[in-house]
Structures are given as C-alpha cells and as structure tokens.
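The values are calculated or read from the model by the stated rules, or taken from the named source; none is laboratory data. All values derive from a computational prediction rather than experimental measurement. Note: ideal-geometry Cβ built from the backbone for every residue, glycine included; neighbour counts use all protein chains shown.
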Amino acid sequence: MIKEFKQFIARGNVIDLAVGVIIGAAFTAIVNSLVKDLINPLIGLFIGKIDLSNLVVKVGDATFKYGNFINAIINFLIIALVVFLIVKSLNKVIKKEEQQVDPTPTAEDYLKDIRDILEKQSN
C-alpha cells in the first residue's frame with residue numbers, strides 16, 4: 001500500500017495539481033487584497049461607506065453580514081475573469097503552435113508520392 005501511495009504521489013498529475021492549489025491560494029490572497037484595499041474603497045465612495053464588510057442587517061438577534069457576501073462575489077468575479085483571460089491567451093498560443101507545426105509525413109504520404117511518380121513515368 002505504501003508503494004502504491006508513493007507511485008500515486010510521484011505521478012505528474014498529482015504534482016501539477018499540488019502546484020495549482022498552492023498558486024491558487026497565493027492568487028486568492030492577491031485578489032482578496034485587491035478587493036479589500038482597492039475596489040471596496042472605490043465602491044464605498046459611491047455608496048457612502050468605505051468598508052463593505054461592515055454592511056449588516058440585524059433582525060432580532062440575527063446579524064446578516066451582506067457586505068462580506070458582496071466581497072465574496074467581487075472576489076469570485078475577479079478570479080473568474082483572470083482565469084478566463086489566462087485560458088483564452090493559452091488557447092491562442094496553443095492554436096498558433098498547432099498552425100506552425102508541419103505534420104510529419106507518414107508512410108501513407110510516401111506511398112502516395114511513389115504512386116504519383118510511377119503514374120507519371122508510365123505515361
């Protein structure tokens with residue numbers, strides 16, 4: 001079982017996933033700071049409050065922190081936009097590389113060339 005676990009961990013997909021999670025966590029911290037430190041004050045200028053996370057509604061003993069929810073929505077939209085832009089740019093790069101790469105001739109291509117040459121010689 002330990003040997004299987006070592007093989008599982010050593011597979012490239014698991015390592016790629018781990019790197020993705022670590023980068024994602026770091027990226028989330030950057031986006032959280034962007035929303036909290038730059039975007040929220042900008043939005044706060046228009047609605048009259050600087051910190052959206054302080055927006056609450058109290059009903060009886062319950063406190064609904066809808067400002068935190070707004071922050072989470074803004075974070076999600078920014079992350080989704082950045083991921084979209086990254087995937088879009090990667091797709092462009094991959095598409096360009098696919099167009100530039102000439103396919104290597106196969107045995108079938110060589111046989112077609114030989115057939116064409118023999119037909120020309122027989123005429």
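Matching residues to (1) at pLDDT below 80; (2) within 27 Å of residue 40 (Cα to Cα); (3) of a type outside the set (Ser, Thr, Tyr):
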position: 59; (1), (2), (3): no, yes, yes
position: 80; (1), (2), (3): no, yes, yes
position: 83; (1), (2), (3): yes, yes, yes
position: 96; (1), (2), (3): yes, no, yes
Single match in 49, 65 (criterion: at negative phi, modelled with pLDDT under 75, surrounded by 10 or more Cβ atoms within 10 Å (Cβ to Cβ) and among the charged types (D, E, K, R)): 49
Region 7-31 residues that are touching a residue at least 40 places away in the same chain (Cβ under 8 Å), paired with ones that are surrounded by 10 or more Cβ atoms within 10 Å (Cβ to Cβ) and of a type outside the set (A, V, I, L, M, F, W, C) (beta carbon under 6 Å, 6 or more apart): 31/75
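One line per residue, one yes/no per condition, for (1) touching a strand residue (DSSP E or B) at 6+ places or on another chain (Cβ under 6 Å); (2) exposed (fewer than 12 other Cβ atoms within 10 Å of the Cβ); (3) of a type outside the set (Gly, Ala, Ser); (4) part of a loop (DSSP other than H, G, I, E, B):
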residue	(1), (2), (3), (4)
15	no, yes, yes, no
19	no, yes, yes, no
22	no, yes, yes, no
25	no, yes, no, no
28	no, no, yes, no
33	no, yes, no, no
36	no, no, yes, no
40	no, no, yes, no
44	no, no, no, no
